[in-house]
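Quick notes on the structure that follows.
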Amino acid sequence: MYWMNRELLISYSLCYSGNYQKILNAIRLNETVPERYAENAITILDDVYPDKLKDLKYPPFVLYYKGNLNLLHTNMIAVVGSRDPCSYALEATKALIQVNHDKTIVYQAWQKESMPAAILMPPER
């Protein structure tokens, strides 16, 4: 059994740039890492962490956010893409957003530093 608290989980997440396997290994080894803090973070241990994400094979241990957390509990779809998308990907994304105008869109782009950036777009856009 592993003992864990949200502050340590955030420190692992920041130390290992969100890498699931490295964070899991640190938890298993009860690794000591420099204490780090993130003001706008939700951990898998928090009550507000979305239940749908807990069903994933590798759920994110920590979600970093900016803005309205209530969007996490709305009807949504996700679009995952590149920072340099081709023209087809752009057109397909536009069409997907138009057809799903009543849902929150979660758009995730991989930045050049291999860190994901997620943007929540509420239905009232």
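No lab work stands behind these numbers, since they all come straight from the coordinates. Nothing here was measured: the structure is a model prediction, and the numbers come from that model. We place every Cβ from the backbone using ideal geometry, glycine too, and count neighbours over all the protein chains shown.
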Relative to the present Cα-Cα distance, how much length would full extension add between MET4 and ASP84 at 0.36 nm per residue of separation?
25.0 nm
Would you mind calculating the gained length between LYS52 and LEU24 on full extension (0.36 nm times residue separation, minus the Cα-Cα distance), in nm to one decimal?
8.1 nm
Two pseudo-spin positions, 7 Å from Cα along C-beta at ILE44 and at ASN70, lie apart in nanometres by 2.9
